[in-house]
Amino acid sequence: MTTDLLANLNPQQQRAVTTVTGPVLVLAGPGSGKTRVLTHRIAYLVTNANVDPLQILAVTFTNKAAREMRERLVGLLGESVVADLTVGTFHSICARWLRREIVHLGRERDFVIYDPDDQERLMKRILRELNLNEKQHPPRAILSAISSAKNELITPQEYAQSTRSYFDEIVARCYARYQALLRESNALDFDDLLGETARLFREHPAVLARYHERYRFLLIDEYQDTNRVQYLLVRALAERERNLFVVGDEAQSIYGWRGADIRNILQFEQDYPDATVIMLEQNYRSTQAILDVAQALINASLQRKYAKRLWTTNGKGEQVVLYEATSDEEEAQFVVGEIVRLIAEGVARPGDCAIMYRTNAQSRLIEEALVQAHLPYHVVGGVRFYERKEIKDTLAYLRLAANPYDSVSLQRVINWPGRGIGERTVGELIAWAQQMGVPLYQALSELASASVDHPFTGRARAALLEFYELIADLNRFHEIMALGDLIDYLLNRVEVQATLKREYEAEEAEDRWRNVQELRNAALAYANLPVENQLAAFLEDIALIADVDSLDRNHDVVTCITLHQAKGLEFPHVFVIGIEEGLLPHSRSTDNRDAIEEERRLLYVGMTRAQRRLYLCHAAQRAMFGRIATSARSRFLADIPPTLFKSLRRRGYRIVSAPQATMFNNRSLRQSELRVTGGRPAPLPTPTRANFFPGQRVRHATFGEGIVVSSRLIEGDEEVTVRFTDRERRLLASFARLEPLTDGSAQ
């Protein structure tokens, strides 16, 4: 087994896998096979060092990475062995432990996990209570300050004692009330999952001792991204056995803005003087031309401690392109024009290409150019499935089924579907509950018992009691009814489909109902769990899903993604846009040396996502804050020798619509269907008159026969509105391939 495990590893990877005991720091350059090292090390511990898989804990930073690790381990060890391993993210693992142990902290095990939307709703309630204006005190800014405090394990009381500004004083007041309401709702936010676990280990040594006994070998991925509380959790868990194996790369530390501390990896040898340090420098992803540019960029960093020299056997490859556009619009035209050209030449498919940028706002012009070229694309960071209103509403009911004291979920759906409970009634309920000092659900229970005086009219009381009975029934059924059956019961009881039909036009209502049905489909994955655990596991997994985890690489579409979200991904062809002062490095970082270096690392991460081709783009002018401003190219580009680039400048790229519909069927352009001249698509003949007219009968290959309602010339094409049997559709003539059936009006 040893031979098989080590056969496809280079010497440094083999050393990392076979160094069994003691602290180990693996400095893994991008594309150096760190996931292979982690999984093979776990397999080696089990098969060669005779370590019980129950005693191995492997921590990743994303659910995607955890899934990939598990899948690889199943191939190496088999399903039954992998079932005994603990593999997951910091948040998911801490959530699991707190389900067992949180009673030691005086909390209930059936806590709910509040996502950012829930947190914002709760903070808005707090601001109203404190008579604070939302516009002057943005909820997200306050929550960000609270999150930073929690990541440093600063309590509300400690925060209040260290305020230095008026904003800090506002945060302190909100922080105290926020924690009180979380506790009242028996809820934790993401930061609490880690902070409460750290507090558990600090205040209850006997509990920590049990985890020392359970986990003798720790493996931590992406160690450079750990924050203060994660660092303390790792130290606490490793302090007895000291078999701590961390993998990371200080050159890819890009999350300082959310609390990650690069010092954790830079000071590893100070924390563990007997540590073994191993460098992984062979890159399996990129060409040498790409690596040389990335290496030159990172060599100029002021925060380098470990000098790695990336190399590959993939060959020199295509020279990196540096493109200077006259404007941000031309930059977008160039990028999309190049993608069209690569597709037309047969060297790429849409799904091979990624466009990366520093800020989400930069995607607009790119999206417009992609639409113009009729290229299918996906913007990572759009409205995610679990953030759609109909899904959030349905989930709110399910969360109330698990924990009726969840006040945020309760307020979300107390009048959805509409049941005559207006804002005034909700306000009276909140005030009445505060007066009694009880959660909202308890107030509803008091109303049902009629044992206390209440402020509600007969109609309002009846509506509130109807809602209370619904939640009480869901709560009663959730541990005795299978998850799928519970969802079916909820959808029928609340009449979700009928509600959506009332609230939206027919087509949109149907789309939203399909989304709800997809949520029902997701419940199938939990059918093998004990009935009483299905709902809790389902809600916990949903709460921990990250945006990039939902990126489906099976669809043949261009990916538009921020540089931060691109971490951990790879694409054959990568375009990084907006490499300019004020964007990359971002204007917020320019007065802070550490922040500037993090921006450098961010560009390095983007560059090293590329496998075969890398394009770096900047514009001389860019629209910023509603005006056109002159842009200066990024200081980072000056750190790269010009000889490493193939420079292009102001070539006046202009793309036009691709003249066929197969792109929407996820098939590549056929070269015969797209003529390319001088590196860009040749113009298509522009129709000078309409070929279709109202009343004309036509046939479409998919939709069948129909009658033309109207026609007009638009952007070099003809837009034809056709009434088919099921509904009207607007089609572009160059795409639709409509076949005229009559020369005159239909009878």
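The values are calculated or read from the model by the stated rules, or taken from the named source; none is laboratory data. Treat the numbers as computed from the prediction; the structure is a model and nothing was measured. Note: areas computed on protein heavy atoms with side chains; ligands, DNA, RNA excluded. Shrake-Rupley method; radii C 1.70, N 1.55, O 1.52, S 1.80 Å.
Please compute the length gained on full extension between residue 424 and residue 505, using 0.36 nm multiplied by the number of residues separating them and subtracting their Cα-Cα distance.
26.3 nm
What figure, in Å² to the nearest 10, do you get for the accessible area of residue 279 with a 1.4 Å probe and non-protein molecules left out?
50 Å²
Counting only residues 5 or more places away or on other chains, whose amide H sits under 5 Å from the amide H of residue 220 once H atoms are built in the peptide plane?
Distant-sequence amide H within range of residue 220: 59, 245, 246, 247.
Can you list the residues, at least 5 places off or on another chain, whose amide H is less than 5 Å from the amide H of residue 320, using H built in the peptide plane?
Long-range HN contacts for residue 320: 646.
For residue 316, give me every one of the aspartates and glutamates with a C-alpha distance below 12 angstrom, ignoring sequence neighbours fewer than eight places off in its own chain.
Correct list for residue 316: 292.
Return one quarter of the surface area of the convex hull spanned by the alpha-carbon atoms of region 282-378, equal to its mean projected area, in nm².
Hull-based average projected area comes out at 8.2 nm².
Can you work out the Karplus-derived ³J(HN,Hα) for every residue in region 182-190? Use 6.51 cos²θ - 1.76 cosθ + 1.60 with θ = phi - 60°, whole Hz, and x for glycine or proline.
Working through the residues one at a time gives 4, 5, 4, 8, 6, 10, 10, 8, 4 Hz.
Considering only protein heavy atoms and a probe of 1.4 Å, how much of the accessible area of region 562-629 is carbon and sulfur, as a whole percent?
Numbers: 1060 of 2330 Å².
Accessible surface attributable to carbon and sulfur in region 562-629 totals 45 percent.
Roughly speaking, what is the stretch gain from residue 266 to residue 213, that is 0.36 nm per residue apart minus the C-alpha to C-alpha distance, in nm to one decimal?
Taking residue 266 through residue 213 to full extension adds about 16.2 nm, to one decimal.
Which whole-Hz couplings ³J(HN,Hα) result when phi for each residue of region 338-345 is put into the Karplus expression 6.51 cos²θ - 1.76 cosθ + 1.60, θ = phi - 60°, listed in order with x for Gly and Pro?
Values per residue, Gly and Pro as x: 5, 4, 4, 5, 4, 5, 4, 7 Hz.
In whole angstrom, note down how far apart the Cα centers of region 256-323 and region 477-528 are.
With region 256-323 and region 477-528 each reduced to a Cα centre, they are spaced 47 Å.
For region 117-158, how big is the tail of P(r) above 12 Å, as a whole percent of Cα pairs? Walk me through the numbers on the way to the answer.
On the way: 519 of 861 pairs.
Tail of the P(r) past 12 Å holds 60 percent of the pairs.
Normalised radius of gyration for region 1-124, please: alpha carbon Rg relative to 2.2 N^0.38 Å, two decimal places.
My calculation over the Cα atoms of region 1-124 gives 1.30.
Residue 48 to residue 724: extension gain in nm, 0.36 nm per residue of separation minus the Cα-Cα distance?
236.7 nm
Could you pull out every residue, at least 5 positions away or on a different chain, whose amide H is within less than 5 Å of the one on residue 710? Hs are placed 1.01 Å off N in the peptide plane, and Pro or chain starts have none.
The answer is 721.
At a 1.4 Å probe radius, carbon and sulfur cover how many percent of the accessible area of region 117-200? Write down the numbers at each step before the final one.
Values: 1830 of 3970 Å².
Carbon plus sulfur share of accessible area: 46 percent.
Using just the C-alpha positions of region 402-556 as equal point scatterers, what log10 of I(q)/I(0) does the Debye formula give at each q in 0.14, 0.19, 0.21 1/Å?
Debye curve over Cα of region 402-556, log10 I(q)/I(0) at q = 0.14, 0.19, 0.21 Å⁻¹: -0.85, -1.27, -1.36.
For region 690-696, take each phi angle, set θ = phi - 60°, evaluate the Karplus expression 6.51 cos²θ - 1.76 cosθ + 1.60, and give the result in whole Hz per residue in order, putting x for glycine and proline.
6, 9, 10, 8, x, x, 6
Given the -39500 (n - 2.57) contribution per DSSP H run of 4+ residues, what per-residue ellipticity at 222 nm results for the chain, rounded to the nearest 500 deg cm²/dmol?
Value at 222 nm, helices only, nearest 500: -13500 deg cm²/dmol.
Given a 1.4 Å probe, how much area per residue of the chain is accessible, in Å²?
Counting only protein heavy atoms, the per-residue value for the chain is 44 Å².
How big is D, in µm² s⁻¹, for the chain by Stokes-Einstein at 20 °C and 1.002 mPa s if Rh is the Kirkwood radius over C-alpha pairs?
Numbers: Rh = 29.3 Å.
Estimated diffusion coefficient is 73 µm²/s.
Test of understanding: express the Cα radius of gyration of region 93-137 as a ratio to 2.2 N^0.38 Å, with N the residue count.
Details: Rg = 15.0 Å, N = 45, 2.2 N^0.38 = 9.3 Å.
In units of the 2.2 N^0.38 Å rule of thumb, it is 1.61.
Apply the a/c threshold of 1.5 to the C-alpha gyration tensor of region 19-80 and tell me whether it is rounded, prolate or oblate.
Working: a/c = 1.70, a/b = 1.12, b/c = 1.51.
Verdict is oblate for region 19-80.
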